[in-house]
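Since the structure comes first, as structure tokens, the remarks are kept for the end.
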Amino acid sequence: MSSPLHQQLSREFRSRIASGQWPEGVRAPSEAALCAEFGVSRGPIRQAMASLRADGLLVGGQGRPPLVRRNVPEHSATVLGSFTAWADSEGHRPGQRTLLQSRHAADAHLAESLGVEVADPVLTIVRVRTLDDEPALIERATFIWEIGRRLMEFDPDSGSINRFLLDNDVDLYSSDHLLDAVAADAEDAEALGVDVGSPLMRVRRRTQDSAGRIIECADDRYVPGHCSIRITNHLTAATGGMGKIRLA
């Protein structure tokens, strides 16, 4: 059985980037041009381009074709930054239940984390993410208002925030992650169905655009026994380690 059309297109586009047919720093062909070249509708083209964006091979756009970026650190839109993309790739059923979607004023902690002023508007989304209908993590993400304004049009119960942002030409370029262990507080315990004080794996994340501006900070707390995180660092690419979430 042949693979879906968008996957075939994705492989072709990746090959063009790897071979230099689409040089780094040059804008990729427009959706209209690619539709005409391959004789397909915009849907498969957009899906294929979104997968390249998710892997950091295309960035930016803002109404224009995105830039090709071949030799950049791999960002984590398909790994730590996107639970939905990872779960789908592993053959599991991802889900989500929104606890909060709120526009509010940044406090001192969020202002420092996001590089904004105290009392500037931000958007916070809190969701319980599930794997095969079982709670796997509680996700708390806060966005600068330029991005938050767009997310007011998004239903957080519908799926991947990253995919929505990528599909709307938001420049998700890189993210860094700080991992540690914490005890579940009352909100964690109620949302995840664990006891207060239970150990949780915490991943604190900051996402930047290609200009280095911080656009999101997040605090994700994983239930042990559902997920673990493996990070592989390469000596020849010390700034671009890759991570992968996997079932424990």
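Under the 0.36 nm per residue contour assumption, what length would be gained going from the current alpha-carbon distance of Arg150 and Ala36 to full extension?
Details: separation 114, 0.36 × 114 = 41.04 nm, distance 2.99 nm.
Gain on extension, Arg150 to Ala36, equals 38.0 nm.
Checking a compactness column here: for segment 5-68, what do you get for Rg(Cα) / (2.2 N^0.38 Å), N being the number of residues?
0.99
Would you calculate the volume per residue, in Å³, of the smallest convex hull containing every Cα atom of segment 136-202?
Details: hull volume 7.7 nm³, N = 67.
Residue-normalised Cα hull volume stands at 114 Å³.
First measure r as the distance between the Cβ atoms of Ala105 and Asp133, then evaluate 1/(1 + (r/R0)^6) with R0 = 30 Å and state the FRET efficiency to the nearest 0.05.
Working: r = 36 Å, r/R0 = 1.20.
For Ala105 and Asp133, the calculated efficiency is 0.25.
Tally Lys/Arg at +1 and Asp/Glu at -1 over every other residue whose Cβ is under 10 Å from the Cβ of Ser82; what's the total? Mind dumping the intermediate values first?
On the way: positive: Arg163; negative: Asp88.
Every neighbour counted, the sum reads 0.
Counting only other residues whose beta carbon sits under 12 Å from that of Arg129, what net charge do I get with K and R as +1, D and E as -1? Mind showing how you got there, number by number?
On the way: positive: Arg93, Arg97, Arg127, Arg140, Arg221; negative: Asp132, Asp133, Glu134, Glu139, Asp157, Asp220.
With Lys, Arg at +1 and Asp, Glu at -1, the net is -1.
Rg and Dmax of segment 83-246, using alpha carbons, in Å: what are they?
So, for segment 83-246, Rg and Dmax equal 15.8, 44 Å respectively.
Select from Ala218, Leu200, Leu100 the residue farthest towards the positive end of the dipole of segment 68-221; place +1 on Cβ of Lys and Arg, -1 on Cβ of Asp and Glu, and compute about the Cα centre.
Of the options given, the answer is Ala218.
What's the extension gain from Ala186 to Ser3 if we count 0.36 nm per residue and subtract their Cα-Cα distance?
Numbers: separation 183, 0.36 × 183 = 65.88 nm, distance 4.56 nm.
Length gained between Ala186 and Ser3: 61.3 nm.
Efficiency by 1/(1 + (r/R0)^6): what FRET value for Gln21 and Glu90, r their Cβ-Cβ distance, R0 = 35 Å, to the nearest 0.05? All intermediate terms of the calculation are to be shown ahead of the outcome.
Values: r = 31 Å, r/R0 = 0.90.
In this case the efficiency is close to 0.65.
Considering only the other residues whose Cβ falls under 11 Å of the Cβ of Pro29, what net charge follows from Lys and Arg at +1 and Asp and Glu at -1? List each step's numbers first, then the result.
Working: positive: Arg16, Arg27; negative: Glu31, Glu37.
After counting each charged neighbour, the total is 0.
A short reminder: the numbers here are calculations on the coordinates, not readings from a lab. All of these numbers come straight from a predicted model, not from anything done at the bench. Because the Cβ atoms are built from the backbone with ideal geometry, glycine has one as well, and the counts that use them run over all protein chains shown.
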